[in-house]
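Have a look at the structure below before the remarks.
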Amino acid sequence: MQVFTIGLAAFAVSFVFAMMGAGGSQILVPILFWLGLDFKTGAIPLGLLASAVTLFSAGGIYFRRGLVRIKTAIPFALAVLVAAPLGALAARPTSSTTLMVVFALVNIAVGLLVFRGRSMVAEELSRRRELTICLVIGVGVGFLIGFIARDGGPFTMAILVLIGFDAKEAAGTAPVIVAAGCLAAFIVHAFDMTAAWTLVLAVTLASLLGSQLGARYMSGRMESRRIRILFTAVMILVGVVILIQAF
């Protein structure tokens, strides 16, 4: 019964978050915790695995449909990939309560950033300035991916919107940026994972199916404004609930 419930949760989360350029770990990790898995050795590794599958799957669809800005994605992705394992290593001696509090606060902050939905730059960025922002922010996003099991997609999407991307293009580019970093973080956390192989298989298959359906729906039917509103509501709700659980 637990395998079915967790697989269903992974499918639903992947479907929704693939539409927002994210892997869904910010939702799936607390759900797995509420379903009985240890936060640090069960929920976090499985959440990162589901996110990696979702991001690679959705990113492929968005790339084929022209929603990925490659010149921004490549340097951003390299910075994330370098920093994600460092964050995962830093998290290993950290208590579950501390991870939960940081996890919740970042959720709320990112939700508010995306809801704002306006560029913080008055004019189009030069290539050099955009590259600098991508590298600096990429390191921070990568560290957070590993440290608090965030897939990094939501924060990346927020940054892209704030530097002038349309929300739909930001949601398409974000998965390509953070997918490899999310996988690297999972590999580090997997050494401490206590989840059964049946749960690993269920989460992987459910995330693959959910992300394929969600990405196809977003790229074909959703408008930018609807993406921002849905994203903000979910992020703030989960952040508040996790804070309550932590204390």
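Kindly provide the helix-only [θ] at 222 nm of the chain, computed as the sum of -39,500 (n - 2.57) over DSSP H runs of four or more divided by all residues, to the nearest 500 deg cm²/dmol?
Working: 10 runs with 195 residues, N = 247.
After summing the helix terms and dividing by the residues of the chain, the value is -27000 deg cm²/dmol.
At a 10 Å Cβ-Cβ cut-off, how would you order Tyr62, Tyr217, fewest neighbours first? Working shown, then result.
Numbers: Tyr62 23, Tyr217 14.
Final ranking by Cβ density, sparse to dense: Tyr217, Tyr62.
Under unit Cβ charges (Lys, Arg +1; Asp, Glu -1), what dipole magnitude, rounded to 20 debye, does the stretch 2-246 have relative to its Cα centre?
Dipole magnitude for the stretch 2-246 comes out near 540 debye.
Could you derive backbone 3J(HN,Hα) for the stretch 65-82 from the dihedral phi with the Karplus parameters 6.51, -1.76 and 1.60 (θ = phi - 60°), listing whole Hz in sequence and x where the residue is Gly or Pro?
9, x, 9, 10, 8, 4, 5, 8, 5, 5, x, 4, 5, 5, 5, 4, 4, 5
Using a Förster distance of 45 angstrom, determine the FRET efficiency expected from the C-beta separation of Thr132 and Thr98, and round it to 0.05.
On the way: r = 31 Å, r/R0 = 0.69.
Between Thr132 and Thr98 the formula returns 0.90.
Starting from the Kirkwood radius over alpha-carbon pairs of the stretch 1-81, derive D by Stokes-Einstein at 25 °C in a medium of 0.890 mPa s and give it in µm² s⁻¹. Kindly include the intermediate steps, with their values, before the conclusion.
Details: Rh = 13.5 Å.
The calculation lands on 182 µm²/s.
When you have a sec, figure out the Kirkwood radius of the stretch 2-246 from all distinct Cα pair distances and drop it here in Å to one decimal? Kindly include the intermediate steps, with their values, before the conclusion.
Numbers: mean 1/r = 0.0584 Å⁻¹.
Across the stretch 2-246, the inverse of the average 1/r is 17.1 Å.
Going by C-beta contacts inside 10 Å, put Phe63, Phe17, Phe191 in order with the fewest on the left.
On the way: Phe63 16, Phe17 33, Phe191 10.
Going from least to most buried by this count: Phe191, Phe63, Phe17.
Got a sec? How would Trp34, Trp197 order by Cβ neighbour count within 10 Å, fewest to most? Could you put the intermediate results ahead of the total?
Working: Trp34 13, Trp197 7.
Final ranking by Cβ density, sparse to dense: Trp197, Trp34.
In what sequence, highest mean first, do 167-173, 204-210 appear when ranked by Cβ atoms within 10 angstrom? Walk me through the numbers before you get to the answer.
Details: 167-173: 26.3, 204-210: 21.3.
Ranked from most to least packed, the peptides come out as 167-173, 204-210.
Using Cα pairs closer than 8 Å and at least 6 residues apart in sequence, work out the relative contact order for the chain, in percent.
Numbers: 484 pairs, mean separation 97.1, N = 247.
Over the chain, the number comes to 39 percent.
In nm, what is the difference between 0.36 nm times the number of residues separating Ala196 and Arg64 and their Cα-Cα distance?
Result for the pair: 44.0 nm of gain on full extension.
Out of residues 5 or more away from Gly23 or on other chains, whose amide H comes under 5 Å of its own, with H placed 1.01 Å from N in the peptide plane?
Hits under the 5 Å cutoff: Asp151, Gly153.
All of the numbers you see were taken from the coordinates with simple rules; none came from a lab. For clarity, every value in this text was computed on a predicted model and none was experimentally measured. Please note: Cβ atoms are built from the backbone with ideal geometry, for glycine as well, and neighbour counts cover all protein chains shown.
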